[in-house]
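Peer 1: Take this structure first; my questions come after.
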């Protein structure tokens, strides 16, 4: 009689898949200065999620993975719905929203660059990269 692997064993054998969305350019009202919060600042956002989406590979069905359009929608919603003093806080809010939407996610990386930050030279873009893992 052949033994069947436990659920934990099967989870260990399920490959992690990384899904990235880059080139998200938006105007956010985040920053430490009044001008950034009122007029807005150009942001460039990149998101990379990792998760156990092997079913998507085996069945070739969109609903078996995390649709990258959903990732974009979440970033835009977080940007629209709140203001943050720090882009670190904005990145954390994006990561939290993504982790909340799909329990198969194991980690989220959010990179936010601010184009034209006050007091910075031309072409200088401060960026943050936040990495959150599911606890």
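Peer 1: Compute the relative contact order of the chain as a whole-number percentage, counting only Cα pairs closer than 8 Å that sit 6 or more residues apart in sequence.
Peer 2: That works out to 25 percent.
Peer 1: Can you compute the helix-only [θ] at 222 nm over the chain? Use -39500 (n - 2.57) per DSSP H run of at least 4 residues, normalise by all residues, nearest 500 deg cm²/dmol. Intermediate results must be reported in sequence, preceding the final value.
Peer 2: Working: 5 runs with 48 residues, N = 135.
Dividing the helical sum by the residues of the chain leaves -10500 deg cm²/dmol.
Peer 1: Sticking with this structure for a sec: Fewest first, what order do 18, 36 take by the number of other Cβ atoms within 10 Å?
Peer 2: Values: 18 12, 36 20.
So the ranking, lowest neighbour count to highest, is 18, 36.
Peer 1: Also: What are the semi-axes of the equivalent ellipsoid of region 7-133, taken as the square roots of 5 times the eigenvalues of the Cα gyration tensor, listed largest first and rounded to whole Å?
Peer 2: On the way: eigenvalues 210, 32, 30 Å².
The equivalent ellipsoid of region 7-133 has semi-axes of 32, 13, 12 Å.
Peer 1: Which order do the peptides 118-127, 19-28, 37-46 take when ranked by the mean count of other beta-carbon atoms within 10 Å per residue, highest first? Don't skip to the end; give the middle numbers.
Peer 2: Values: 118-127: 10.0, 19-28: 14.3, 37-46: 16.7.
Taking the mean over residues of other Cβ atoms within 10 Å, the ranking is 37-46, 19-28, 118-127.
Peer 1: May I pose another question? Pop a pseudo-label 7 angstrom from the Cα along the beta-carbon direction at both residue 125 and residue 83 and give the gap in nm to one decimal.
Peer 2: 2.4 nm
Peer 1: Please arrange 80, 52 by how many other C-beta atoms lie within 10 Å of their C-beta, fewest to most.
Peer 2: By the 10 Å Cβ count, ascending: 80, 52.
Peer 1: Follow-up question, since we're still on this one. How do 102, 67 line up, fewest other C-beta atoms within 10 Å first? List each step's numbers first, then the result.
Peer 2: On the way: 102 16, 67 12.
Result, fewest neighbours first: 67, 102.
Peer 1: By how many degrees, 0 to 90 and rounded to 10, does the Cα axis of helix 68-81 deviate from the longest principal axis of the chain?
Peer 2: Helix 68-81 sits at roughly 40 degrees to that axis.
Peer 1: Now a separate question. Give the separation of the Cα centroids, region 56-82 to region 32-51, in Å.
Peer 2: Each part's Cα centre sits 19 Å from the other's.
Readers should treat all values here as calculations from the given coordinates under stated rules, not as data from a laboratory. Source: prediction; values computed, not measured. All Cβ positions, even for glycine, are placed from backbone atoms using ideal geometry, and neighbour counts span all protein chains on display.
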